[in-house]
Amino acid sequence: MTDANSFIIRPVAEPQIKDDVYTADQYRRMVSTIRENGPWKMVLAQHFKSADEVVATMSGEMPEGVEPSFDMFLTPNFRGYFGQNGVCLYPELDDVFFNSQHMAWVRSYWNADYAVPESMNFIIQGSSRNTDPAHLDGTSFRGIDRGNSPVWLQNMMGKSGLFQNWMVKKAQVIAWFYQGTIGGGFTYWPDGPEAQPKRLTMPSWNRGVVTQNEMMYHRGEACGPMDKRMPEGLAFESLWAADPAVADGWQITTDGRVIERVSSEETRLMLHWTASIYQDLDEMKLIFDHKDDLTHDQVFAMFMADLRKRGVAFAVPTDPLSDRDFVRLLTKTYDPGRPAIYPAEAPGPHEEQIAA
């Protein structure tokens, strides 16, 4: 078992920069699919039941005495899916989801024999602030994944280092289409959150990275003019959709009222393709036969055993999956906090509001 005290969060290999990630025809069909199948919900509204779960998913605790609320994390970023659970949701995008080029890239990245497309989502936005100091994507483990567990638990398991022996190998191909000249880049920490970060800068069109985002702190940078980054009237239930009045335009609505119109030139589109990786047939068989799966009871028993070993006092929760005090305790114990260093061109959340 990994020693949690010496565990450093870093990907299996340095992310690889790729150009021409999609063909022009694939891009056109993806945008058409987004326009024809909206509206799309805010990212925040899709994954979290409480603001404490948001904190556990990002890096760092709230300051002493500050009670987190969803309003603190509102950003006009909206998400949809092209594929989930190995299934392409739109047949017109089969070649995008079952992408032979992507599979070759991620097999090479892991030096593994097999890759299977798992999911593909997009995040679309106009000008936007970013309250995220940096985060990990939801880490999957044998028996514990997004299908049966909240994202905050997956992230806390990944951050703790206690469950690495059960971690399922994943890789992503992430690409950006953004013509804006203010912000919008991608900051990542391939050598751990205490080390120097790296950046993929914008504007960037059809450029991306092959990476392991479950084990690498990363963040999308704020983008667009400062005075447009928080549309007036933005709320938890706000939606993104095609603007019926403009051929290639978009709009954000709250309760049916248009609060912001976004031109195609201001739109930042991120495409996030994920594959499951199997080193060889033996590893594939281990996973598919479910002979060494974790259960929630095992996970929380391991957390509590480690807390006792560390001398951390706690009340045993009756419902640890939703006990806010226990979520906060795990965050305080295992979250390494926000990265130590940010690029001068893309400072942390508080500083970027001042610098922009």
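The values are calculated or read from the model by the stated rules, or taken from the named source; none is laboratory data. Here the structure is a predicted model, which means the values were calculated and not measured. Here the Cβ is made from the backbone with ideal geometry for all residues, glycine too, and neighbour counts use every protein chain on show.
Restricting region 141-153 to residues that are surrounded by fewer than 24 Cβ atoms within 10 Å (Cβ to Cβ) and at pLDDT below 95 leaves a set whose member that is farthest from the chain's Cα centre (by Cα) is Asn148.
Among the residues making up region 285-301, those that are in a helix (DSSP H, G or I) and touching a helix residue (DSSP H, G or I) at 6+ places or on another chain (Cβ under 9 Å) are His296, Val299, Phe300.
So Asp227 fits all but one of (1) of a type in the set (Asp, Glu); (2) out of contact with any strand residue (DSSP E or B) (no Cβ under 9 Å at 6 or more places or on another chain); (3) in contact (Cβ under 8 Å) with a residue 24 or more places away in the chain; what number is the exception? Looking at each condition in turn, Asp227 falls short on (3). When you look at Phe314, is it in a helix (DSSP H, G or I) and of a type in the set (Phe, Trp, Tyr), yes or no? Spelling it out, it is not the case that Phe314 is in a helix (DSSP H, G or I) and of a type in the set (Phe, Trp, Tyr). The test for being out of contact with any His (no Cβ under 6 Å at 6 or more places or on another chain), part of a loop (DSSP other than H, G, I, E, B) and buried (at least 21 other Cβ atoms within 10 Å of the Cβ) holds for Gly138.
Residues that are closer than 30 Å to Thr201 by Cβ and modelled with pLDDT of 95 or more do not occur anywhere in region 290-304.
Can you name the residue in region 246-258 that is free of Cβ contacts under 8 Å to residues at least 12 places away in the same chain and farther than 17 Å from Ser127 by Cα and, of all such residues, is surrounded by the fewest Cβ atoms within 10 Å (Cβ to Cβ)? Looking at the filtered set, the residue picked out is Gly256. Against the condition of a type outside the set (A, V, I, L, M, F, W, C) and within 12 Å of the chain's Cα centre (by Cα), how does Asn213 come out, does it pass? Judged against the criteria, Asn213 is a match.
Listed by first and then second residue, the pairs linking a residue in region 73-96 that is among the acidic types (Asp, Glu) and surrounded by fewer than 18 Cβ atoms within 10 Å (Cβ to Cβ) to a residue that is at pLDDT 95 or above and part of a strand (DSSP E or B), with Cβ atoms under 8 Å apart and 6 or more places separating them unless they lie on different chains, are Asp94/Cys88. Inspect all residues belonging to region 103-123 and state whether any of them is among the basic types (Lys, Arg), modelled with pLDDT of 95 or more and part of a helix (DSSP H, G or I). Looking through region 103-123, at least one residue is among the basic types (Lys, Arg), modelled with pLDDT of 95 or more and part of a helix (DSSP H, G or I).
For region 30-67, which residues satisfy the criterion of being in a helix (DSSP H, G or I), at pLDDT 65 or above and either crowded, with 17+ Cβ neighbours inside 10 Å or hydrophobic (A, V, I, L, M, F, W, C) (or both)? Hits for region 30-67 are Met30, Val31, Thr33, Ile34, Val43, Leu44, Ala45.
Just wondering, is there one or more residues in region 254-272 that are among the hydrophobic types (A, V, I, L, M, F, W, C), out of contact with any Leu (no Cβ under 9 Å at 6 or more places or on another chain) and outside any strand (DSSP E or B)? The answer is no, given that none of the residues of region 254-272 is among the hydrophobic types (A, V, I, L, M, F, W, C), out of contact with any Leu (no Cβ under 9 Å at 6 or more places or on another chain) and outside any strand (DSSP E or B). The set of residues from region 141-162 being aliphatic (A, V, I, L, M) and not in a loop (DSSP other than H, G, I, E, B) comprises Ile144, Val151, Leu153, Met156, Met157. Please enumerate the residues belonging to region 163-202 that are under 30 Å from Asp306 (Cβ atoms) and in a strand (DSSP E or B). Across region 163-202, the qualifying residues are Met167, Lys170, Ala171, Gln172, Tyr188, Trp189.
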